[in-house]
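Here's the structure, in structure tokens; my notes come after.
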Amino acid sequence: MESLLSILTILEFPDDRLRKKAAEVKRIDDKIKKLIDDMLETMYQSHGVGLAATQVDVHQQVIVIDVSDEKNDPLFLINPVIIEKDGIKESEEGCLSVPGFFEKVNRAEHIKVRALNREGQAFEFVATELLAICVQHEMDHLNGKLFVDYISSLKRQRIKKKLEKIHKMDKN
């Protein structure tokens, strides 16, 4: 029987839970597969291109990504590791955990990644362009790091204050 998908709550900066380091996934079981399916549905619903488990308050090394225009080419990364990287490229990034804000960030231009897929099989791939940016961005989440950590503390504080104000207004 197919379980129903759930839309998960995405944590927003400056929530401290976003700073927690994710643990390695030891076993890919039905619980992890349901998490992957729910994360994918949440990402699509939120119009994102990537989502790390940390962002939905699950501190395991799980990432879902889909940079395709049609949103029909999902990539699942469990316990991902960047094994090669080169070049530096600056591009504008946003984040579902920092809604409404975009800043320029430097990332490796080309990366080679090793991970497990949804079935637990190891695979490697080379990423460039948006996929390389997205993988690095989501892997940062697994390490408790956000894209706003790459910008000046003044800009980061400004974003934090604005989001705290929005969160306060949402509670009232």
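The values are calculated or read from the model by the stated rules, or taken from the named source; none is laboratory data. Every value quoted in this text rests on a predicted model; they were computed, and no experiment measured them. Heads up, the Cβs are rebuilt from the backbone with ideal geometry, glycines too, and the neighbour counts pull from every protein chain shown.
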So which of Ile83, Ile63, Ile111, Ile32 is β-branched (Val, Ile, Thr), at pLDDT 95 or above, farther than 24 Å from Lys161 by Cα and under 15 Å from the mean Cα position of the chain (by Cα)?
Ile63
Number of the exception - Ala23 against (1) in contact with a His (Cβ under 9 Å, 6 or more places away or on another chain); (2) over 19 Å from Ala122 (Cα atoms); (3) surrounded by fewer than 19 Cβ atoms within 10 Å (Cβ to Cβ); (4) not charged (D, E, K, R)
(2)
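Being among the acidic types (Asp, Glu) and more than 14 Å from the chain's Cα centre (by Cα) is the filter here; which residues of the range 66-80 pass it?
Result: Asp69, Glu70, Asp73.
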Scan the range 31-42 and give yes if some residue there is surrounded by fewer than 16 Cβ atoms within 10 Å (Cβ to Cβ) and touching a His at 6+ places or on another chain (Cβ under 9 Å), otherwise no.
no
Strands (runs of 3 or more DSSP E) contained in the range 66-172 and holding at least 1 residues out of contact with any helix residue (DSSP H, G or I) (no Cβ under 9 Å at 6 or more places or on another chain) and exposed (fewer than 11 other Cβ atoms within 10 Å of the Cβ)
75-95, 122-127
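This table checks each residue for (1) over 12 Å from Arg118 (Cα atoms); (2) part of a helix (DSSP H, G or I); (3) touching a Ser or Thr at 6+ places or on another chain (Cβ under 7 Å).
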residue: Leu18; (1), (2), (3): yes, yes, yes
residue: Arg27; (1), (2), (3): no, no, no
residue: Thr42; (1), (2), (3): yes, yes, no
residue: Gly48; (1), (2), (3): yes, no, no
residue: Leu51; (1), (2), (3): yes, no, yes
residue: Val58; (1), (2), (3): yes, no, no
Please determine whether any residue of the range 6-14 is assigned to a loop (DSSP other than H, G, I, E, B), of a type outside the set (Lys, Arg), surrounded by fewer than 18 Cβ atoms within 10 Å (Cβ to Cβ) and without any contact (Cβ under 8 Å) to a residue 24 or more places away in the chain.
no
